[in-house]
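Structure first, commentary second.
Only the coordinates and a few stated rules stand behind these numbers; no lab work does. The shown structure was predicted, so the numbers you read here are calculated from the model rather than taken from an experiment. Because the Cβ atoms are built from the backbone with ideal geometry, glycine has one as well, and the counts that use them run over all protein chains shown.
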Ligand code: NAP
């Protein structure tokens, strides 16, 4: 039933060479032949997106909102097939995939509501002051407009919510930008099913055929060609630091550099404050273990670094966590490559002996099966060894034991940019936490109290990004309605006639605006 083809300009087409897809759980071949786009194929997709741009970006917000809701409906109509295919391709359980589908359709509908509300277009009106001395002021109006065709890289760990019709695609389409997705090779079939849902929505809503394209690919050539194509004007990416950095470098070294929004990963420091450790160390340890192993630890928000003052309470936490983690059976990772990278990183940490092994991840079962691993290290050793700061993608963590509160602060100061930071605390910890806040706020995009970081709410107030290397643009989020700003650019219209202005910037428009400095 699956074709393995690319979707370009409304048609399923071949192009490039081919690759096979395999089940991470069984090693069985799932698709004998999926097309791996070459440069010419990528160019066709980018050209189709550019042809669609003028008409698509000129659609009304009501038309685009209807389109986004139709995509959500079409995805729901394919729900069972999507879960079945994604389960075979990723080994993620059905319940998780069903939940992820709800999140995907929910965020499409949230963006539909958000563009209808209109404040995301940031309309500003400074009215003419013809009598101003010494010089008159002309009428100047600004609003955010679609940036152009956008390239999106689907993430391996969220085959639905961060992939073909995921957050990046939803926000770019909401902004008025045609999208070309480079599908992740680990879930090519899921990508095809979702792309077909979008193709049908394009037809039903009368949108230009090039509004959405999918290029399949398993080689770096296809991704590189998308980032460097002159008609692509921005990129959304979720994946590894290495891959994201390579593509970021390509994006900014083009003759015309473009914004590259990469969400790359994080160790998500969790600070255990003394009173909380004293009152509930074992309970916190069990809760943290659950967060660490959710989705086989394959979350960019996985809590992979714990920081606390050494002593019996921290030992109680560690023992409870390791007991809970030790009871977790080996789980199947997304791909053989990701499982191998996890196991090699754990083996290297065990071999170099810098940190004490509290729990050892043993490879057992299938080729992609792994177990949790926990290391403990004193803060002086952690500070002296940057390799211990690095993310190991999977159910693994480092616990940093500090001699005192000052050492906790030193560890906080040495952190790289993070997506999240967590404070596990009782009310009695307020005094202890306050000195940490200004330091940690500069390190992370989302700070939380007594919540574990896995589970990212899709809402207006969410920030899912952070200082590099958590993301390549500290100002932006890839989750929540604020994400739309990445694919909009400000355009000012000076001394324009009403009929020349975009409708939202005209007098009498119902779109919220800032009129002579006052919010409407
Ligand atoms: P990845 O290796 O970064 O790949 C993501 C996408 O980028 C794939 O489509 C890949 O295409 C493409 N790509 C990567 N490097 C490229 C390059 N140099 N030139 C052109 N295209 C390139 O991520 P992954 O396959 O999802 O997982 C690998 C690692 O990424 C994990 O072990 C983990 O560390 C990290 N990860 C992080 C997150 C997160 O949420 N931040 C999510 C998933 C994974 P090809 O495969 O076709 O080359």
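With an 8 Å cut-off on Cα pairs and a minimum separation of 6 or more residues, tell me the relative contact order of the range 103-147 in percent.
32
To the nearest ten degrees, helix 188-205 and the longest principal axis of the Cα atoms of the chain are 30 degrees apart.
As a length-normalised measure over Cα pairs under 8 Å and 6 or more apart, the relative contact order of the chain settles at 18 percent. The stretch between residue 220 and residue 341 holds 41.8 nm of extra length on full extension. This uses 0.36 nm per residue minus the Cα-Cα distance. The Cα atoms of the chain cover 73, 66, 40 Å along the three principal axes, with the biggest extent listed first. In plain terms, if you count all Cα to Cα distances in the range 212-347 and split them into 10 Å steps from zero, the share in each step is 10, 30, 25, 19, 12, 4 percent. Principal axis extents of the Cα atoms in the range 448-501, from largest to smallest and rounded to whole angstrom, are 54, 23, 15.
The alpha carbons of the range 1-107 give a radius of gyration and a Dmax of 16.8, 48 Å, in that order. The three principal axes of the C-alpha atoms in the range 116-257 carry coordinate ranges of 64, 39, 23 Å, sorted with the longest axis first. A Cα-only calculation for the range 341-431 places Rg and Dmax at 14.9, 49 Å. Here the range 429-445 is scanned for amide nitrogen atoms under 17 Å from the site 7 Å beyond the Cα of residue 406 along Cα-to-Cβ, giving 432, 435-436.
For the range 152-217, the relative contact order works out to 36 percent when only alpha carbon pairs closer than 8 Å and six or more residues apart are counted.
Set against the 2.2 N^0.38 Å expectation for a compact globular protein, the range 389-514 has a Cα radius of gyration ratio of 1.50. As a rough guide to protection, the peptides 216-225, 28-37 ranked by mean Cβ packing within 10 Å, highest first, stand as 216-225, 28-37. Computed from Cα positions, the angle between helix 39-57 and the longest principal axis of the chain comes to roughly 60 degrees. Over the Cα atoms of the range 288-389, each weighted equally, I'd like the Debye log10 I(q)/I(0) at q = 0.17, 0.20 Å⁻¹, rounded to two decimals. So the normalised log intensities are -0.82, -1.13.
Please state, rounded to one decimal and in Å, the Kirkwood hydrodynamic radius that the range 269-449 gives when every pair of distinct Cα atoms enters the mean of 1/r.
Final number for the Kirkwood radius of the range 269-449 is 16.3 Å.
Angle of helix 79-90 to the longest C-alpha principal axis of the chain, folded into 0 to 90 degrees and rounded to 10: 50°. Relative intensity of the range 142-197 on a log10 scale, I(q)/I(0) at q = 0.19 Å⁻¹, equals -0.59, per a Debye sum over C-alpha point scatterers of equal strength in the absence of solvent.
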